[in-house]
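For reference, the structure discussed in these notes is given below.
Nothing in this text is a laboratory measurement; each read-out follows from the coordinates by a stated rule. Remember, predicted model here, so these are calculated numbers, not experimental data. Note that each Cβ is placed from the backbone with ideal geometry, even for glycine, and that neighbours are counted across all protein chains shown.
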Amino acid sequence: MTQQPNDTNAVLGGQSLPNSLTLGGIEGLRQRFKFASPDQKMELLTDTLNYDAAGIDLLIDLLDDAELKVRVTAYELLVLINSEKATEAIAQGIRLNPGDRIYHVYESAIEYNDCWLELMTELDDWRTEYNAPKQISSHFVRDEAEVAALKLHQERAYSLDLTSFGKQHIHREFSLEQWLVEHRIFDRQPEETVLEFSERLRQIFEATGHTNLIVKLWQNFQKENFDIDRWFASLEFSGRLPDETDWEFEARIVQALKVLNYDEPFGELWIEAAGRLAFVQEETVTEVRYVNSIDFEI
């Protein structure tokens, strides 16, 4: 049985499309764009570079495509082309249509409410009139904005003092000891060998001030059939020292996570204990406008 091509496929061997148009050259490429889905258009876009001036004309036409991601990619390709016509076409910037969604990354503002420091992670909070979150970057794709926000959150986590948000933890009913257990921060990780785990435990004990456990770990390793997992579980280890206050405990654990380079867990700790240090705000475009690519991460 002969398999008929899709509307976006090139035609070989004398076959024809359902509309009887045989695809070939730049006109064939234009025809394929006409029937293509947004994702198919994205795959076809680089083919325009094979057709010199005619390809530039097609890219310019695609600057007005219904799909934002197609318009953005067409713009990016035109930027790479050394052509006066291409330069003139992108001079206005990237067209945004009503209904398009774009995403802005904000640095959360810090508010002192006479009881504790608090993070403001929404733009519609009435307090933002006096202390607004700072816009850091803009993106055409949500996933890229989320990655940028997480990176910013991680960076700020290392520059701010989590313990200064301590009273807010009480308001959020946050327990650091419970968090450490639930997230298995100190437990043996999947595919971690006994030797790797023992070395990490040594670093953990040292970073958290439990140097006596380093000695016990070494002594136990001299025993035959020592089960490190069972031994560590029996410790019910939380990292807490005897007679330690909550503030002292948190300050020491925070420092330990930094020393151990536990970047991801440290970022998660901030989110659950105090809140996000950066966030993404979605904007739905309401009218046609053009934006400068310099203002967007593309």
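Provide the net charge surrounding residue 284, with neighbours chosen by a C-beta distance below 12 Å and charges set as Lys +1, Arg +1, Asp -1, Glu -1. List each step's numbers first, then the result.
Details: positive: 101; negative: 100, 282, 283, 287.
Result for the neighbourhood of residue 284: -3.
For residue 112 and residue 263 in one chain, what is 0.36 nm times their gap in residues minus the Cα-Cα distance, to one decimal in nm?
Separation in residues times 0.36 nm, less the Cα-Cα distance, equals 51.7 nm.
Give the residues of the stretch 263-285 whose amide nitrogen is closer than 15 Å to a point set 7 Å from the Cα of residue 135 in the direction of its Cβ.
Residues passing the 15 Å test: 279-285.
Report the calculated FRET efficiency for residue 291 and residue 161 (r = Cβ-Cβ distance, R0 = 30 Å), to the nearest 0.05.
0.20
So which trypsin sites (Lys or Arg not before Pro) in the stretch 133-225 are both in a DSSP loop and have at most 10 other Cβ atoms within 10 Å of their Cβ?
Of the trypsin sites (Lys or Arg not before Pro), the ones in loops of the stretch 133-225 whose Cβ has at most 10 other Cβ atoms within 10 Å are 184, 223.
Per-residue ellipticity at 222 nm for the chain, helices alone: DSSP H runs ≥ 4 residues times -39500 (n - 2.57), over residue total, nearest 500 deg cm²/dmol?
So the calculated ellipticity at 222 nm is -13500 deg cm²/dmol.
How large is the charge dipole for the chain, taken about the Cα centre, if only the Cβ atoms of Lys, Arg (+1) and Asp, Glu (-1) carry charge, to the nearest 20 debye? The partial results should precede the final answer.
Values: 28 positive and 55 negative charges, 102 e Å.
Roughly 480 debye, rounded to the nearest 20.
Name the GluC sites (Glu not before Pro) in the stretch 222-296 that are in a loop by DSSP and that have at most 13 other C-beta atoms within 10 Å, would you?
Passing both the DSSP loop test and the Cβ count: 224, 236, 287.
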